[in-house]
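I have placed the structure first, in the form of structure tokens, so that the comments after it can refer back to it.
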Amino acid sequence: MQLEESSRMVQTTSTLEARTIPDSTLGQIHADNPRMKARNVDVFYADKHAIDNISLDIGSGQVISFIGPSGCGKSTFLRCLNRMNDTIDSCRVSGEIMIDDQNIYDSSIDVVLLRARVGMVFQKPNPFPKSIFDNVAYGPRIHGLATSKVELDHIVETSLQRAGLWEEVRDRLDQPGTGLSGGQQQRLCIARAIAVSPEVILMDEPCSALDPIATAKIEELISELREQYTIVIVTHSMQQAARVSDRTAYFHLGKLIEVGDTKQVFTNPLHALTQDYITGRFG
Ligand SMILES: Nc1ncnc2c1ncn2[C@@H]1O[C@H](COP(=O)(O)OP(=O)(O)O)[C@@H](O)[C@H]1O
Ligand SMILES: [Mg+2]
């Protein structure tokens, strides 16, 4: 029976997708206390339909992880949340993404300010070719967040502390950020995002270039940061999603198949496609 069932699932993975993608997302797209609300979001790269009618709340003070096979649109949807897709010429976004009852795609929105409120940490640590201090001070400087050197020093120190890096760099703030180890560079990038007091931090596979020890540090950090920030993380690691997130969203071929409490998604998924992915049958 078990064998029959598993062979049925294996057989169907190649033909199942087109037939069984649900018309609408299974689970609970709503969050009790939403920080951001995406509604009917579609994304095209020229003719390529990369995101197909996704609606999802990002809950305040929570960590939500986006999982799914490569190319299913996780990064594309993440980049919609702070309009990072604006930088891609062929990219067209439609639908609504609200933060505090304001559509971030409104023409009146200041995109630079938006990206301070909704910060981003990338897959490969990308510190500026500047000193450790200047990497963190960069945002506060351009946004005029500090009125004195003392204030700027304070922002830099607290940001590095929150990013769990202060003790390791306090004696060499004037040295280049690029001279740090990969894990330290990624924490520097997190400190840089934190320095402008964001409400939301987007992380696109932030640990995929890191070794297990550096990864564990970042995961620990995410757990601490969740108290103060709303975090959206794309991850290829289901263990990581299970460890760090409150909610999990499963993407498949540009659709949001299901979303729910992380524990439920991993122990009792609502859709066969989610189950196939989390049990390693697909992706
Ligand atoms: N800059 C781009 N130009 C054209 N197509 C893109 C671009 N970025 C992503 N895509 C396409 O959009 C789809 C979703 O990609 P992506 O969001 O990167 O998926 P994921 O992050 O889940 O791996 C893929 O088919 C990918 O090839
Ligand atoms: Mg990606």
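The values are calculated or read from the model by the stated rules, or taken from the named source; none is laboratory data. Just so we're clear, the structure is a prediction, and the values are computed from it rather than from any experiment. Cβ coordinates were reconstructed from backbone atoms using ideal geometry, including for glycine residues, and neighbour counts include every protein chain displayed.
Scanning segment 263-283 for residues that are more than 12 Å from T20 (Cβ to Cβ), among the hydroxyl-bearing types (S, T, Y) and crowded, with 20+ Cβ neighbours inside 10 Å turns up just one, Y277.
Given the condition closer than 27 Å to Q62 by Cβ and in a loop (DSSP other than H, G, I, E, B), answer yes or no: does some residue in segment 167-180 qualify?
Filtering segment 167-180 for residues closer than 27 Å to Q62 by Cβ gives none.
No, the conditions are met nowhere in segment 167-180.
Scanning segment 77-92 for residues that are polar (S, T, N, Q) and in contact (Cβ under 8 Å) with a residue 60 or more places away in the chain returns a single hit, N82.
If you filter segment 49-75 down to residues that are in contact with a helix residue (DSSP H, G or I) (Cβ under 7 Å, 6 or more places away or on another chain) and not in a loop (DSSP other than H, G, I, E, B), you find that the one that is nearest to ligand 1 (Cβ to nearest atom) is A50.
Which of the following residues is surrounded by 21 or more Cβ atoms within 10 Å (Cβ to Cβ) and either among the aliphatic types (A, V, I, L, M) or in contact with a Ser or Thr (Cβ under 9 Å, 6 or more places away or on another chain) (or both): A216, A241, A209?
Working: A216 fails: surrounded by 21 or more Cβ atoms within 10 Å (Cβ to Cβ); A209 fails: surrounded by 21 or more Cβ atoms within 10 Å (Cβ to Cβ).
After applying the criteria, what remains is A241.
Please determine whether any residue of segment 189-204 is within 16 Å of ligand 2 (Cβ to nearest atom), surrounded by 21 or more Cβ atoms within 10 Å (Cβ to Cβ) and at pLDDT 95 or above. Walk me through it before giving the result.
From segment 189-204, those within 16 Å of ligand 2 (Cβ to nearest atom) are 202-204; that's our starting set.
Restricting the remaining residues to those that are surrounded by 21 or more Cβ atoms within 10 Å (Cβ to Cβ) gives 202-203.
In the following step, the residues that additionally are at pLDDT 95 or above were identified as 202-203.
Yes.
Tell me which helices (runs of 4 or more DSSP H) are completely within segment 207-283 and hold 1 or more residues being in contact (Cβ under 8 Å) with a residue 24 or more places away in the chain and within 16 Å of ligand 2 (Cβ to nearest atom), or say none if there are none.
Values: elements: 212-225, 238-244, 262-267, 272-278.
Because the criterion is at least 1 residues that are in contact (Cβ under 8 Å) with a residue 24 or more places away in the chain and within 16 Å of ligand 2 (Cβ to nearest atom), the helices (runs of 4 or more DSSP H) in segment 207-283 that meet it are 238-244, 272-278.
Surrounded by 14 or more Cβ atoms within 10 Å (Cβ to Cβ), within 16 Å of ligand 1 (Cβ to nearest atom) and modelled with pLDDT of 95 or more, is that true of V93? Yes.
Going through (1) away from ligand 1 (no atom under 16 Å from the Cβ); (2) at pLDDT below 95; (3) more than 21 Å from L56 (Cα to Cα) one by one, D101 falls short only on (3). Residue check: I104 meets all listed conditions (1) among the aliphatic types (A, V, I, L, M); (2) out of contact with any Asp or Glu (no Cβ under 8 Å at 6 or more places or on another chain); (3) within 30 Å of S181 (Cα to Cα); (4) away from ligand 2 (no atom under 16 Å from the Cβ) but one, namely (3).
May I ask you to verify whether A137 is in contact with a helix residue (DSSP H, G or I) (Cβ under 7 Å, 6 or more places away or on another chain), under 20 Å from R35 (Cα atoms) and outside any loop (DSSP other than H, G, I, E, B)? Reasoning before the result, please.
On the way: in contact with a helix residue (DSSP H, G or I) (Cβ under 7 Å, 6 or more places away or on another chain): yes; under 20 Å from R35 (Cα atoms): no; outside any loop (DSSP other than H, G, I, E, B): yes.
No, not satisfied.
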